[in-house]
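The values are calculated or read from the model by the stated rules, or taken from the named source; none is laboratory data. Predicted model only: the values in this text are computed from it and were never measured. We place every Cβ from the backbone using ideal geometry, glycine too, and count neighbours over all the protein chains shown.
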C-alpha cells in the first residue's frame, strides 16, 4: 500500500490542502490514498501525504566550505549530471514509488468519463512499480500499437508514419526520461507492433505493414530516442518461429519480413484463448462492448472502398445490410485477436506497466496515454492527423473533421506530415522558401533549417516573419545558415526591434568562460539557475515605483559548441503551458496571490537591489498567464555570487514548499525544450513566457553571442 504513516504524522486534510498552499502541492507531494473498503473502486477516502520540504539553503554533510561559505574543490553547480534538475532541489522522498507513480500520472489521459485512476489505478500502479524499485531494477513499460496507417483518406494523409506517430514516440521517450531523472536504474518502453495481428483481417498487405514499421523505427533512430526498444510479435510466441529474426535484429529486409509474416501469423492464431467467449463478453462486459462499438465505428471509414466491401463474384458494392454484417464479423474477430495479443503481451511482460492510446478507466492493468499536454481526447495517431493552430497549439482528429480551406499540408521526408492553419508567417520569399524547411520541436518550438551547401545566411532571413513565428512558437532554432560577424548580428537583430545595450558590454554579451570578470556563473562552466534575463533590470514606473524591466526577446548565435556529451545544454521552459496544463485552477489562483523576493550582490552588470516581484503575471503580448522566477542559488553550490530568493509573507515551511513545487514544474520534461548546441546555430527565444537555464559542462571553448531585443 502507499505509505500512510507519513499522512498520520502530518495531520493535513484535503480541506487544509486546498486552503493552505503549504500542503496544496502538485502530484509530486499530494497523494490520494484509496482506503480499504468493500468496494474500493466505487468509494475512496482521500488523504494527503505532506512531505516536509528540504532546507537546501544548508549544505549537506560532506561538502566543505571556505571562510566565505563557498565550496572547496569542485562546486556542486559545476558537476555535469544526467538529470537536468539540480540535485539539491530534489528532496529525499520517504516514498520513492509514490513519486514515480505521480510522474507516470502526468502522462496519462485522465479526463475520460469512466476514469478511475484515483479510486483504483494509483494503488494498482503503486503495487506494480514497488517490485522493480524494491529490487533496484529498470522499470518496464510496454506499448502495444503502431500497426499500420488507416487506409481511409478521410482520416489520414498517407500510408506512412507522420507527426502523430512522431509525437507519440517523443511522448513515450519523455516519460521514460522523466523516470530516469528520479530513479537511477531508469526505464524502458517496449513497443510491440500489432500490424500482423490485424493486417490480414483488414486487407493490409505485409508490404505496407513492413514499410510502416520500418519508418517509425527510423524516426526513433533519427531522433535518438534511446529509451524505446522494439519487440516483434514473434518474440511473444511460446516457441521460436523457424527462419524469423528476433527483436534483437532491428534491420529486417522486406523479403525476410514477407517470408516470416505468414509463419508468425499462423502461430499467433494458434494461441489458445478458449476461455474467451466474445459474444458473452460483449453482452456482459461494458469495456468489451465499448471496444466493439468503437471498432464498428472506425471500420465504417477504414473498410470503405476496399475489396472487403465488394462482391467477390462481380466486384459490385455490397448492400448496406451486407456491409454491416461484414463489419460486425470483423469487429468480433478483432476482439478475439486483441485478446490473444493482450494475453501474449501480459505473459511476456508480467511486471510491465501497460500503456495504450485508447481510452481506458485507468484502474489497471491498462493506462491511457495523453498524446500531448492539453489534449482532450485519447486518440491513435494511425487513425488521425495532427492539426497545428496559428498559435502553435495542437489538435488531433480525422482529416475530414478539419475545414479544407483553413489549412495547408506540411511535408517532411518528402511526404505529407501534418496540417497547419494557414498563415503568411511561413512564407518568406519564393527563392528562400525553396531552400528552407520548418520542423516542429518537442514539446514546443520550431526549427527552420537549410542545407549548409545552399549558402543561405542569417542575414537573408526576414526578421519580421521570425518575430511573428517566435510569438507563435516561443522559440525558433535556425540551423544550417551561414554565420554573421558582430556588426551583422547587431544589424539583423535591430530588425526584430530596439536592442538593449548594457552599459558594461554593449549590445553583444559574449557567453564564454571568463571567471575573472565579476558577473555571475554565466561566464563559467557551472550550471546556471532557472531564470529569465533581466531579473535584476529595473525602471521607475509612472507612479514612482521601482519595477522589473526585462527584455522581451533573446537572440543567440553559437560561435563554438561544446562536445555533445559534455553538457552545456540550454533548457527553455514554457511557463504559460505550465499554468495552462501543469497545475489546477485552484493552485494557479493560489500562486497568483504570491510575491517573491530576490537579491544578488552588486556585480559589474547588475545586482545590489532587493526586489519584490509577482510570481504569476500576464504577458501583455499574448494575454497568457506566466510565471516569473529565479531559482534560489545558495552560496554552497557555487564559487561565484549567490542569489537569495524567498516567498513574501510566508512561513519557512510554506516558502520551502513553494520553491520545491516550482522546481518540480520548471524542470518537468513536459514543458522543457532541451537544446544541444551545434556550432553555427541561431536561437531566437521569448524572454517573457519562457524561463531558461544552462546545464554544467566540461571545460571547453563553448561560446555564444547574445543580444537582447524589445
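Residues that are more than 24 Å from residue 479 (Cβ to Cβ) and more than 20 Å from the chain's Cα centre (by Cα) are absent from the range 554-577 altogether. Is there a residue being on the phi < 0 side of the Ramachandran plot and assigned to a strand (DSSP E or B) anywhere in the range 511-520? The answer is yes, given that some residue of the range 511-520 is on the phi < 0 side of the Ramachandran plot and assigned to a strand (DSSP E or B). For the range 308-334, the set of residues classified as assigned to a helix (DSSP H, G or I) and closer than 18 Å to residue 204 by Cβ consists of 308, 309, 326, 327, 329, 330, 331, 333, 334, listed by residue number.
Whether a residue is closer than 20 Å to residue 158 by Cα and in a helix (DSSP H, G or I) was assessed, and residue 459 does not pass this test. If only residues of the range 372-389 that are modelled with pLDDT of 90 or more and part of a loop (DSSP other than H, G, I, E, B) are counted, the one that is surrounded by the most Cβ atoms within 10 Å (Cβ to Cβ) is 384. Of everything in the range 64-79 that is in contact with a strand residue (DSSP E or B) (Cβ under 8 Å, 6 or more places away or on another chain) and surrounded by 15 or more Cβ atoms within 10 Å (Cβ to Cβ), the residue that is nearest to residue 571 (Cα to Cα) is 77.
Annotation: of all residues in the range 197-226 being part of a loop (DSSP other than H, G, I, E, B) and buried (at least 19 other Cβ atoms within 10 Å of the Cβ), the one that is modelled with the highest pLDDT is 225. When each of 354, 327 is tested for being touching a residue at least 24 places away in the same chain (Cβ under 8 Å), touching a strand residue (DSSP E or B) at 6+ places or on another chain (Cβ under 6 Å) and surrounded by 16 or more Cβ atoms within 10 Å (Cβ to Cβ), the lone residue that passes is 354.
Selection of the range 123-151 for residues being at negative phi, part of a loop (DSSP other than H, G, I, E, B) and surrounded by fewer than 20 Cβ atoms within 10 Å (Cβ to Cβ) yields 135, 137, 138, 151. Residue-level analysis places residue 593 outside the set of residues that are surrounded by fewer than 18 Cβ atoms within 10 Å (Cβ to Cβ), over 24 Å from the mean Cα position of the chain (by Cα) and under 15 Å from residue 687 (Cα atoms). Just name the residue that is farthest from residue 292 (Cα to Cα) out of those in the range 347-371 that are outside any loop (DSSP other than H, G, I, E, B) and within 27 Å of the chain's Cα centre (by Cα). Filtering the range 347-371 for residues that are outside any loop (DSSP other than H, G, I, E, B) and within 27 Å of the chain's Cα centre (by Cα), the one farthest from residue 292 (Cα to Cα) comes out as 353. For the range 266-285, the candidate set comprises residues that are in contact with a helix residue (DSSP H, G or I) (Cβ under 6 Å, 6 or more places away or on another chain) and assigned to a loop (DSSP other than H, G, I, E, B); within that set, the residue that is farthest from residue 206 (Cα to Cα) is 276. Among the residues that make up the range 111-120, is at least one of them in a loop (DSSP other than H, G, I, E, B), within 23 Å of residue 388 (Cβ to Cβ) and in contact with a strand residue (DSSP E or B) (Cβ under 8 Å, 6 or more places away or on another chain)? No, every residue in the range 111-120 fails to be in a loop (DSSP other than H, G, I, E, B), within 23 Å of residue 388 (Cβ to Cβ) and in contact with a strand residue (DSSP E or B) (Cβ under 8 Å, 6 or more places away or on another chain).
Quick grid of which residues meet (1) within 30 Å of residue 649 (Cβ to Cβ); (2) touching a helix residue (DSSP H, G or I) at 6+ places or on another chain (Cβ under 7 Å); (3) buried (at least 22 other Cβ atoms within 10 Å of the Cβ); (4) modelled with pLDDT of 90 or more:
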residue	(1), (2), (3), (4)
500	no, no, no, yes
508	no, yes, no, yes
550	yes, no, no, yes
553	no, yes, yes, yes
565	no, no, no, no
573	yes, yes, yes, yes
